[in-house]
Amino acid sequence: MGVFGVKKKVIIIITAIFIIISFSLISFGLIYSLRMKALKHETNRWAVIKDVNDDKIAVETTNDAIWNQLVNLHSNGSQMFVGSIIDEYNSKWGFRFRPINLTIATITAEGLQATLLYIKENLDYWLGGWAYTTSLVVEINN
């Protein structure tokens, strides 16, 4: 094989490596962007809850007692109902739990219980009303 054949192989290998690295960075960026869209929030103090389907959403509260409950739930790994009034919101889900009304409960009315996906798929029904998800607090951001 001549010099030109070796150069051609080197160029092909370098090009392939460049394409693989570029694809990896783009994929990482898209995954990160989708995660952030699902976890969109407005304040510096927010928690990530995961429902029974492993779907996640960011929740915020203006109430220090509720915040402390979120922190405790994260620490001890307990599941509770987390809910609030459902507001339309520019996130992956199309809604958020209204921060000022965020509540944590051990029991709720069965008709108020839903998964994140169910709320999203029936958003017109839930907007302006209360909804709770069985939630595990998987992340605290303060």
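For region 19-47, which residues satisfy the criterion of being more than 30 Å from Arg96 (Cβ to Cβ) and either modelled with pLDDT of 70 or more or among the polar types (S, T, N, Q) (or both)? Matches in region 19-47: Ile19, Ile20, Ser22, Ser24.
Residues of region 98-114 include at least one that is within 18 Å of the chain's Cα centre (by Cα), farther than 18 Å from Leu39 by Cβ and modelled with pLDDT of 95 or more.
The values are calculated or read from the model by the stated rules, or taken from the named source; none is laboratory data. Note that the structure is predicted; figures quoted are calculated from it, not measured. So basically every Cβ, Gly included, is an ideal-geometry build from the backbone, and we count neighbours across all protein chains shown.
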